[in-house]
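Single-structure report; data block below.
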Amino acid sequence: MSHVALVIPGLDRMGGAERQVMLLARGLRRRGWRVSVVALSGAGGEAARDLEAAGVVFQSLAMCKGLADPRGWVRFHEWLRRERPDVIHAHLPHAAWLARWSRLGATVPAVIDSLHSSFTGTIGRRLGYRVSNWLPDHVTAVSQAVAETHLQARMVSAEKLTVLPNGIDTEAWRPDARVRAAVRGELGLREEFLWFAAGRLEPVKDYPTLLEAMARVPAPSRLLIAGCGPLRDELTARAVGLGIGRRVRFLGFQAELRRWMQAADGFVLASRWEGLPMALLEAAACGLPIVATDVPGTREALEDGMTGRLATAGNPEDLAAAMTATMRDSSEERRAMGMRARVRVMEHFALEAVLDRWERLYRELLSALSSQ
């Protein structure tokens, strides 16, 4: 049984990359792979328990100072020598650098890392990728936009790069009228239009623009925001200052986003940049019409005018106009738009098809390396 180790900075805070790792781990285990998830830090919480229940081994390196903690490097090398994975598949920069440089001290047949954001980061991050580009056997990007920005920054070489998108379990993420009625009842909603947004409360998601747009959107409408982060108090105060404090509710971290999406009338995303937003794909799979900013990555997931509407990033007037237009569509038009969004996800981002591609890539790499 081949052994793949998925390496991630941590699972205590769940974002798009973390949710994708969870799906890959459970899916590959279901298909007969031996799977381990290695976190650089944290205990993993409920995510670690879910993995272990699915037969996936969870291991934390308990690194206290990020990559500067030498004890984590020692633990990882010991783990590699003991468990001898066939493939190390790293996600996000710190995990990628750990996986890359660790192969100098431990034998690992194949090393892959995945790029999840079109943002190339600081000069330090760019240099980190450039100087270690010779170490991985392959690099994947979740979208063409992510691939292009990293190629332009000379952080990856074209001959090693493949675009391999995020996958969505479209059987799990789907419309559900009973859940919709139950959750809206809990919220005390009747005919109000309910917008839903999800993502960490940090500058990249540009919630200030979303709140300013919401202040321009006609009532009755409500906005639920799922996510935690350092901007929580600032955003709450801004909503009050804009006079929409009673129309906006901050849900905090939500381990289960699906029920909120199934209750909503539309999904909105105001990001300044994206890789391939998992929350947008999940919302589309739930049959929601979507309004999102016109940024790389998002453009590949949303067909403007067909599965949703695109608005100029950082422009609250444009975002509000797109939201208002969606609200003014008839319920039949919104339902048709949402169903087109779901079909698009099923055709391009279905989890089983994505797992097929991962298995094929792993086996091709292992075959090529064994013949050398």
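Coordinate-derived values only; no laboratory data. All of these numbers come straight from a predicted model, not from anything done at the bench. Reconstructed Cβ throughout: ideal geometry from the backbone, glycine too, with neighbour counts over all protein chains shown.
What's the local net charge at Leu61, with K and R +1, D and E -1, over the other residues with C-beta under 15 Å away?
Details: positive: Lys65, Arg71, Arg75, Arg81, Arg82; negative: Asp12, Asp69, Glu78, Glu83.
Residues near Leu61 contribute +1 overall.
Quick one: what are the phi-derived ³J(HN,Hα) couplings along the range 270-275, Karplus 6.51/-1.76/1.60 with θ = phi - 60°, whole Hz, x for glycine and proline?
Here the 3J(HN,Hα) series is 10, 4, 7, 7, 8, x Hz.
Please give the length that would be gained between Ser371 and Glu46 if that part of the chain were fully extended, namely 0.36 nm times their separation in residues minus their C-alpha to C-alpha distance (nm, one decimal).
Working: separation 325, 0.36 × 325 = 117.00 nm, distance 4.09 nm.
Taking Ser371 through Glu46 to full extension adds about 112.9 nm, to one decimal.
Rounded if a/c is under 1.5, else prolate if a/b beats b/c, else oblate: with a ≥ b ≥ c from the C-alpha gyration tensor eigenvalues square-rooted, which is the range 177-348? Display every interim value, and only then the final one.
Working: a/c = 1.35, a/b = 1.14, b/c = 1.18.
It comes out rounded by the Cα gyration axes.
Leu11's amide H: which non-local residues (gap 5+, or another chain) put their own amide H closer than 5 Å, with H modeled 1.01 Å from N in plane and none for Pro or chain starts?
Result for Leu11 returns Gly44.
Give, in nm to one decimal, the length gained when the segment between Arg31 and Thr324 is fully stretched (0.36 nm per residue of separation minus the Cα-Cα distance).
Working: separation 293, 0.36 × 293 = 105.48 nm, distance 4.46 nm.
Working it through step by step, the gained length comes to 101.0 nm.
Scan around Arg309 for amide H atoms under 5 Å from its own, H built in the peptide plane at 1.01 Å from N, and keep only partners 5 or more places away or cross-chain.
Placed amide hydrogens put Ile290, Val291, Ala292 under 5 Å from Arg309.
Just order 236-242, 301-307, 135-141 by mean Cβ neighbour count inside 10 Å, highest at the front, would you?
Working: 236-242: 15.6, 301-307: 17.6, 135-141: 21.4.
Listed from highest to lowest mean packing, they are 135-141, 301-307, 236-242.
Apply the a/c threshold of 1.5 to the C-alpha gyration tensor of the range 151-229 and tell me whether it is rounded, prolate or oblate. It would help to have the intermediate numbers written out before the result.
Numbers: a/c = 3.41, a/b = 1.67, b/c = 2.04.
It comes out oblate by the Cα gyration axes.
Taking the chain as a Gaussian network, where each spring joins two C-alpha atoms under 10 Å apart, which residue of Ser60, Ser36, Ser132 fluctuates the most?
Ser132
At a Förster radius of 22 Å, what calculated FRET efficiency corresponds to the Cβ-Cβ distance of Met346 and Met306, to the nearest 0.05?
Values: r = 15 Å, r/R0 = 0.67.
Here the calculated transfer efficiency is 0.90.
Based on a Kirkwood Rh over C-alpha pairs, give the Stokes-Einstein translational diffusion coefficient of the chain at 10 °C and viscosity 1.306 mPa s in µm²/s.
Numbers: Rh = 21.4 Å.
Here the translational diffusion coefficient equals 74 µm²/s.
Can you give the net charge of the other residues whose Cβ lies under 14 Å from the Cβ of Leu369, counting K and R as +1 and D and E as -1? Each step should come with its number before you reach the end.
Values: positive: Arg103, Lys160, Arg363; negative: Asp86, Asp137, Glu364.
Charge balance in the 14 Å sphere: 0.
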